[in-house]
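All remarks here apply to the structure that follows.
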Amino acid sequence: MKKHLAMILALALTLSLAACGSGQSSEASVPPSQGGQRDDQQTFSVGFICPEATNEGWQVTAAAIENTAEELGIKISKLYLDPNDYEGSFSMAVDSFIQQKVDALIYGGADESFAASVHKAQDEGIKCVEIDNPSNSGNLWHIAIDSYSAAAVAGEWMADKLDAGVVLMINGDMARTNAQQRHDGFVETLKELRSDIEVYEIYADWDSAKAIAGVEDAITLYGDKIVGVFSAWDGGALSAVSALDVAGLSDNVVVCGFDGTPTSMTYIREGKLQAELGQPLYELGKVGMETVNTVLTGGQVDEEQLLTCSIVTSDNVEDFIKSAGLADFIS
């Protein structure tokens, strides 16, 4: 496995693109773009560790990171994690960037198993900026959304739209903080508002195949008693749309996803998906790289920055596509 990971990292390095911690800081916050001054001859080098090459959401966020780095004159190199060994491939990526003597790391999809590697980079004087799920390593900068509050918004929206019946909750990897928060925010809010709705849990681990199998099992159990589906990520929501369509239940079930990917926007346009908890995917990457720049140029910025999500439906999908910077990603 280590040999396989090394080959993946070596290949990713050849494709690297040039120029293309928790809690609140006690210091005053300034916009990331207003950091310290850089010597005209100074060029910073940043290592970008991207969780997945084929995930739509990360493709949008990665594009924002690379575009912003180019605008700021920052040299950036990118490596991908191995989905079969996130912790091991993250450790190898960090070691590679330490050898390259980068000034900072920006990465996503972390969890607490990444903490030792993060501390190793910090011990070398490398600044660390993480996007999305936290590693809880401390002494770094974290850009994310408040997953609990966002999912609670979805719970309120669905409570207002649904008749009595069964709602399917398609979960991500419950070992991860963001999956837990998305579950709790939605389920707790829905149950508080609607005692006449039963929640049926599907544990899919961010796996679309598990999601579609879980929805099919639920259809067998409940049939037309199902009135809604909420998924902690878009892959689960799109799987639910497919399973419901095959079962002939699409017209009677409200489906809401969580991410705001280009495909989910297309589904809303076409009426296949009723709602989406839209993350500012492009802004996450942009703010992340601006934070890197601020830190490296001696500016001050909050150690945790939480961006907002919004419910996207057919009524506002075009506005969201424009404001979220998704137009270039949708054909």
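Could you look through segment 122-136, keep only residues that are within 23 Å of the chain's Cα centre (by Cα) and modelled with pLDDT of 95 or more, and pick out the one that is surrounded by the fewest Cβ atoms within 10 Å (Cβ to Cβ)? Before the answer, list the steps.
We begin by selecting, within segment 122-136, every residue within 23 Å of the chain's Cα centre (by Cα); these are 127-136.
Narrowing further to those that are modelled with pLDDT of 95 or more: 127-131.
On the way: 127: 20, 128: 27, 129: 29, 130: 26, 131: 28.
Step by step, filter segment 122-136, then rank; the result is 127.
Rundown of residues vs (1) among the aromatic types (Phe, Trp, Tyr); (2) over 19 Å from residue 166 (Cα atoms); (3) out of contact with any Lys or Arg (no Cβ under 6 Å at 6 or more places or on another chain), yes/no style:
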{"residue": "233", "(1), (2), (3)": "yes, yes, yes"}
{"residue": "239", "(1), (2), (3)": "no, no, yes"}
{"residue": "246", "(1), (2), (3)": "no, no, yes"}
{"residue": "253", "(1), (2), (3)": "no, no, yes"}
{"residue": "267", "(1), (2), (3)": "yes, yes, yes"}
{"residue": "271", "(1), (2), (3)": "no, yes, yes"}
{"residue": "274", "(1), (2), (3)": "no, no, yes"}
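Six or more apart or on different chains, Cβ atoms under 6 Å: show the pairs whose first residue is in segment 310-323 and under 15 Å from residue 274 (Cβ atoms) and whose second is among the acidic types (Asp, Glu).
312/276
Mind checking which residues of segment 149-187 are basic (Lys, Arg) and under 13 Å from residue 254 (Cβ atoms)?
Filtering segment 149-187 down to residues basic (Lys, Arg) leaves 161, 176, 182.
Result: 161, single match.
Can you confirm whether segment 252-261 contains a residue that is more than 23 Å from the chain's Cα centre (by Cα), over 29 Å from residue 145 (Cα atoms) and at pLDDT 95 or above?
No, segment 252-261 contains no residue that is more than 23 Å from the chain's Cα centre (by Cα), over 29 Å from residue 145 (Cα atoms) and at pLDDT 95 or above.
Taking into account only those residues within segment 262-287 that are within 22 Å of residue 54 (Cβ to Cβ) and basic (Lys, Arg), which is surrounded by the fewest Cβ atoms within 10 Å (Cβ to Cβ)?
Among those residues, the one meeting the criterion is 272.
When segment 40-77 is examined, which residues are found to be open to solvent by less than 10 Å² (accessible area, probe 1.4 Å) and of a type in the set (Val, Ile, Thr)?
The answer is 46, 49, 60, 61, 65, 68, 74, 76.
Within segment 229-251, which residues are of a type in the set (S, T, N, Q) and surrounded by fewer than 24 Cβ atoms within 10 Å (Cβ to Cβ)? Spell out the reasoning first.
We begin by selecting, within segment 229-251, every residue of a type in the set (S, T, N, Q); these are 231, 239, 242, 250.
Within segment 229-251, 242, 250 meet the criteria.
For segment 147-176, how many residues meet the condition of being crowded, with 18+ Cβ neighbours inside 10 Å and of a type in the set (Ser, Thr, Tyr)?
2
Any idea which of 327, 275, 240 is in contact with a helix residue (DSSP H, G or I) (Cβ under 7 Å, 6 or more places away or on another chain) and closer than 21 Å to residue 213 by Cβ? Spell out how you get there, then give the answer.
Details: 327 fails: closer than 21 Å to residue 213 by Cβ; 275 fails: closer than 21 Å to residue 213 by Cβ.
Checking each option against the conditions leaves just 240.
From the list 86, 80, which residue is surrounded by fewer than 18 Cβ atoms within 10 Å (Cβ to Cβ) and within 17 Å of the chain's Cα centre (by Cα)?
On the way: 80 fails: surrounded by fewer than 18 Cβ atoms within 10 Å (Cβ to Cβ).
Exactly one residue qualifies, and that residue is 86.
The values are calculated or read from the model by the stated rules, or taken from the named source; none is laboratory data. It should be emphasised that the depicted structure is a prediction, and the values quoted were computed from it without experimental measurement. Cβ coordinates were reconstructed from backbone atoms using ideal geometry, including for glycine residues, and neighbour counts include every protein chain displayed. Keep in mind that these areas ignore ligands, DNA and RNA; they rest on the heavy atoms of the full protein, side chains included. Shrake-Rupley method; radii C 1.70, N 1.55, O 1.52, S 1.80 Å.
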